[in-house]
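Below is one structure, written out as structure tokens, with a few remarks after it.
The values are calculated or read from the model by the stated rules, or taken from the named source; none is laboratory data. Worth saying up front: this structure is predicted, and the values here are computed from it rather than measured. Because the Cβ atoms are built from the backbone with ideal geometry, glycine has one as well, and the counts that use them run over all protein chains shown. Please note that ligands, DNA and RNA were not included when accessible areas were found on the heavy atoms of the full protein model with its side chains. Shrake-Rupley method; radii C 1.70, N 1.55, O 1.52, S 1.80 Å.
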Amino acid sequence: MSERHQNLAIIGHVDHGKSTLVGRLLYETGSVPEHVIEQHREEAEEKGKGGFEFAYVMDNLAEERERGVTIDIAHQEFSTDEYDFTIVDCPGHRDFVKNMITGASQADNAVLVVAADDGVAPQTQEHVFLARTLGIDELIIGINKMDVVDYEESTYNEVVEEVNQLLQQVQFNTDDASFIPISAFEGDNIAERSDNTPWYDGEILLEALNDLPEPEPPTDAPLRLPIQDVYTISGIGTVPVGRIETGVMQTGDDVSFQPSDVGGEVKTIEMHHEEVPKAEPGDNVGFNVRGIGKDDIRRGDVCGPADDPPSVAETFQAQIVVMQHPSVITAGYTPVFHAHTAQVACTIESIDKKMDPSSGEVAEENPDFIQSGDAAVVTIRPQKPLSIEPSSEIPELGSFAIRDMGQTIAAGKVLEVNEK
């Protein structure tokens, strides 16, 4: 076990082998008991999916196994010499982009999986764009399924070139990207250097993971804890539950919940069913606040210090990327915004400028409309109170997904908040 921790997103197109890679990482780092793998192996063979036992390690849900699809963001853990990693296994299907947004914003770095036999797919593009918009620092690119292309160096180089062009297009600094030829299925260049790629002399995947820069935990930022649920527990009272995104919570702290605008003193904090005196970023906690009843607060509230309470937006300006929309988006459009644990209908009041997504320059001031593929700066008015922060100040509470008609329409980050 290492004392240092990283949240790692695994992104890329659905069929490019993400689950297999995750299973392989867990397997190679001894994070999966041998008997569990045996059991998965038998089950996979019965279903005629021999060799999928690694992916099976990931797909614990029976229904997913039947469908052969990864759904939930699975928080899986493995340890290397340098870090304890939590994998945010980001599903690849289109309607899971929202998970990817809430998931990637929790990740420090990412592994992008691109299949050598398929190259850059539309989803690859979307994920890279999101990773950059949502502030992933370093990208390790695993060119997977090298076994399928007979470990051909020329094929590898072609795909690397294709991905490099994509990175430049979305302005991802290529210095922060490293490429590795791998086979998650066969295990090449994951934990051990492969004899099948004598032409490659760079780092293998576990070395690259060990070399990731250490994330700075946002303990210095003010406390921000989005509420997931509110329970009533006998003997304690009202217990809001959530994950601390930034700052530190200690018993005795005076806190405020926004936008519900109530507050009080933290009496107890509980983590993994044990009482603790304080909790830090990444901790999932339940806590009790003096004088707060079950009906005073709700999911989507954010808890922060009474003297530096979470911002509540009258309006906010944001940069968004439209990923898919059947027609055009104009001022007055009111979809649902998903920000941290809140889901609030918001109106796009004005489209202030259209950006050129490849250069980041302003392409047009006050355009009449925007459509799929466009990036824009817009002014947004929440229909009910919403607590949200500028991403330059508290990035953990500064990104959101926009959903409508059962799909993710756009992703964005908050530039500035005009407070109530």
Problem set entry | Per-residue HN-Hα couplings for region 284-296 [Karplus 6.51, -1.76, 1.60; θ = phi - 60°; Hz; x = Gly/Pro] | 8, 10, x, 8, 10, 10, 3, x, 9, x, 4, 8, 7
Exercise. T268's amide H: which non-local residues (gap 5+, or another chain) put their own amide H closer than 5 Å, with H modeled 1.01 Å from N in plane and none for Pro or chain starts?
Worked result: N288
For this session: Using every Cα-Cα pair within region 225-305, state what percent have a distance larger than 22 Å.
Result: 9
For this session: Can you tell me the order of 365-376, 302-313 when each peptide is scored by its average per-residue count of other Cβ atoms within 10 angstrom, highest first?
Result: 302-313, 365-376
For this session: Using a cut-off of under 18 Å, list every residue of region 328-347 whose amide N is near the label point 7 Å from the Cα of S372 along the Cα-to-beta-carbon line.
Result: 328-330
Exercise. Mind listing P(r) for region 213-263? All alpha-carbon pairs, 5 Å bins, whole percents.
Worked result: 5, 16, 22, 28, 15, 7, 5, 2, 1
Seminar exercise, completed: Inter-part gap, Cα centre of region 290-322 to Cα centre of region 218-249, in whole angstrom, is 12
Problem set entry | Average accessible area per residue (Å²) across region 187-332 - probe 1.4 Å, nucleic acids and ligands excluded | 47
Seminar exercise, completed: Note on region 327-390: the mean projected area of its alpha-carbon convex hull, in nm², is 4.8
Seminar exercise, completed: Taking placed amide H atoms and a strict 5 Å upper bound, the residues 5 or more places from E349 or on another chain that come that close are G332, T379, I380, R381
Exercise. Where does region 158-268 land on Rg(C-alpha)/(2.2 N^0.38 Å)?
Worked result: 1.78
Seminar exercise, completed: For V262, other-chain or 5+-apart residues with amide H closer than 5 Å (H placed, Pro excluded) are F257
For this session: Given a cut-off of 27 Å, name the pairs among K145/K413; K294/K420; K267/K384; K353/K384; K145/K354 whose C-alpha atoms lie farther apart than that in the structure shown.
Result: K145/K413; K267/K384; K145/K354
For this session: Output the Kirkwood hydrodynamic radius of region 379-420, Cα pairs only, in Å rounded to one decimal.
Result: 11.2
For this session: About the Cα centre of region 312-419, how large is the charge dipole given +1 on each Lys and Arg Cβ and -1 on each Asp and Glu Cβ? Please answer in debye to the nearest 20.
Result: 400
Problem set entry | Using θ = phi - 60° and Karplus 6.51 cos²θ - 1.76 cosθ + 1.60, couplings along region 196-208 (whole Hz; Gly, Pro as x) | 7, 10, x, 6, 9, 10, x, 6, 8, 4, 5, 5, 5
Seminar exercise, completed: Taking only the alpha carbons of region 280-420, the radius of gyration and the largest Cα-Cα distance, Dmax, both in angstrom, are 16.3, 52
